[in-house]
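Report on one structure; see the data block that follows.
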Amino acid sequence: MKQIVLRAPGGLDNLALEDVAPPAEPGAGYITVRLRASSLNYHDYRVCAVEGALPDGRIPMADGAGVVEAVGPGVTAFAPGDNVVSVFFPDWQTGDDRPFNFSTTPGDGRDGYAREAVTLPASWFTHAPEGWSHEEAATITTAGLTAWRALVVDAGIKAGDVVAVLGTGGVSIYALQLAKAMGATVIATSSSDAKLERLTALGADHVINYRTTPEWGAEMQRLTDGRGVDIVVEVGGPATLAQSIVAGRPGAHIALIGVLTGRAGEVPTAALMAKQQRLQGLIVGSRQHQLDFVRGLNALNLRPVIDRSFALADLAEAFRYQESGTHFGKICLTI
Ligand SMILES: NC(=O)c1ccc[n+]([C@@H]2O[C@H](COP(=O)([O-])OP(=O)(O)OC[C@H]3O[C@@H](n4cnc5c(N)ncnc54)[C@H](OP(=O)(O)O)[C@@H]3O)[C@@H](O)[C@H]2O)c1
C-alpha cells in the first residue's frame, strides 16, 4: 500500500510517497480501516513545514476517514463496511483528564493517516456522520470538533447568542455553520471582500473586513447596539485577542483556539477582568465529545465546506495551496 512519510529534517520538500506492506490482521480490540480521505489543518501544515518538528519517517495527518475492512475479536462497536473517522486524542476517551500537548496525536507524536490502511484500536475511531462522504467526514476530527467544543461544550451556545468567527479557515467556517444551525446570530470577518460575500451566502448575518476595519471589535459592538457578542471563536491569537475582548459583551466567552498571528503576545488583562469575560483555552476534544458531535451532526442539516481535494501523492502541493491562504473552508486529501 502507499503512504506518505516526512523525511528529516522536515519541510514540505521532504514529504515522500512510499510503498509498504499492508497492515496486519486486527487482533483483539483492533480494527482494520481502509482510509479514503484526510483533511488539512493548520497544525498538520506547521509540523510538516517547520524543520525538526517531526522525527524522520513520521506519517503526517491527524484526520482520517474510511471504511472498516475487518474487526478483531471482542469488537462490538463496529462491523465491516462501517464508515468511520479518527479521533484527535486516542488516549483521551472521556472525562476531564485533558492532554496538554500533541505527543499522543496522530500525525504529530505518533503516525497519522496519510496512508491507505491502518490496523489500530477500535477506540481510536468513531462512526462517521450518516450519509457524509469520506472527505466530509475527515473534516470532523480536528476542525469540526474544535468548533463544536468551543461553542457547545465550553461556551454552552443557545439560540439568540451572537457569535464572532474570525477569518475563513476550517475551524471558523465550521463555527459559522454550527452557530447558525443552533439559532445564533453570526458576525464573521475576513481579509478578502470576495470571501465576505461567500460568508454572507453561507448565512453570516454581518461581515467585516479585518484589514480595512482593524478596529473590528468596536464594529462588532456597533452591530450589536453596544451590547457586544456572547462568544468569540478566537483563532488569531496575540494580534486578534485585544479586539476579541473589545467585541465581547461583559461576561462573554472567548474560546482561545488559534495561533495564526503568533504564539505569544500582550493580553489586555485589565479589560478582560473589567468585562468579567471568560478566556478558555482548548485543544480539540475527547472521543466522547466526538461521539456527541456526530450525534449532533446527524440531527442538523449541515455539510462542511470543502474548498478543494488533492490526491494523497500531492500532499505537498495541498499544503502549498493552504499556505497561500486562498482557501475557504476545508482542503481535503482523497486517498
Ligand atoms: N486549539 C485547537 O484545538 C485547534 C484546532 C484546530 C485549529 N487550531 C488553530 O486555529 C487556527 C485556525 O486553524 P484552521 O485549520 O482553521 O486554519 P486555516 O484553515 O489554515 O485558516 C486560515 C485562515 O485564517 C484566517 N486568518 C489568518 N490571519 C488572520 C487574522 N489575523 N485574523 C483573522 N483571520 C485570520 C485567514 O482567513 P481570510 O483569508 O478570510 O482572511 C486564513 O484563510 C490555527 O492557528 C490552528 O492552529 C486550533
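The values are calculated or read from the model by the stated rules, or taken from the named source; none is laboratory data. Everything numeric in this text was worked out from a predicted model, so none of it was measured. In this analysis, Cβ positions are derived from the backbone assuming ideal geometry, glycine residues included, and neighbour counts consider all displayed protein chains.
Here are some notes:
- Residue check, LEU202 at pLDDT below 95, under 19 Å from the mean Cα position of the chain (by Cα) and surrounded by fewer than 23 Cβ atoms within 10 Å (Cβ to Cβ): no
- Any hit, region 137-155, residues being assigned to a loop (DSSP other than H, G, I, E, B) and either free of Cβ contacts under 8 Å to residues at least 60 places away in the same chain or farther than 23 Å from ILE257 by Cα (or both): no
- Number of residues in region 283-297 that are among the polar types (S, T, N, Q) and in a loop (DSSP other than H, G, I, E, B): the value is 1.
- Checking each residue in region 144-173 for being touching a Lys or Arg at 6+ places or on another chain (Cβ under 8 Å) and of a type outside the set (A, V, I, L, M, F, W, C) picks out THR168, GLY170.
- Restricting the first member to region 47-73 and to residues that are outside the structural domain of GLY29 (by TED's automatic domain parsing), and the second to residues that are not small (Gly, Ala, Ser), no beta-carbon pair is closer than 6 Å while six or more apart or on different chains.
Here is a yes/no grid of residues against (1) of a type in the set (Gly, Ala, Ser); (2) free of Cβ contacts under 8 Å to residues at least 60 places away in the same chain; (3) not assigned by TED's automatic domain parsing to the domain that holds ARG198:
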{"residue": "GLY262", "(1), (2), (3)": "yes, yes, no"}
{"residue": "VAL267", "(1), (2), (3)": "no, yes, no"}
{"residue": "ALA270", "(1), (2), (3)": "yes, yes, no"}
{"residue": "ALA274", "(1), (2), (3)": "yes, yes, no"}
{"residue": "GLN277", "(1), (2), (3)": "no, yes, no"}
{"residue": "HIS289", "(1), (2), (3)": "no, no, yes"}
{"residue": "VAL294", "(1), (2), (3)": "no, no, yes"}
{"residue": "LEU297", "(1), (2), (3)": "no, no, yes"}
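- Enumeration of residues in region 203-244 that are outside any loop (DSSP other than H, G, I, E, B), touching a residue at least 40 places away in the same chain (Cβ under 8 Å) and of a type outside the set (Asp, Glu): MET220, VAL229, ILE231, VAL232, VAL233, SER244
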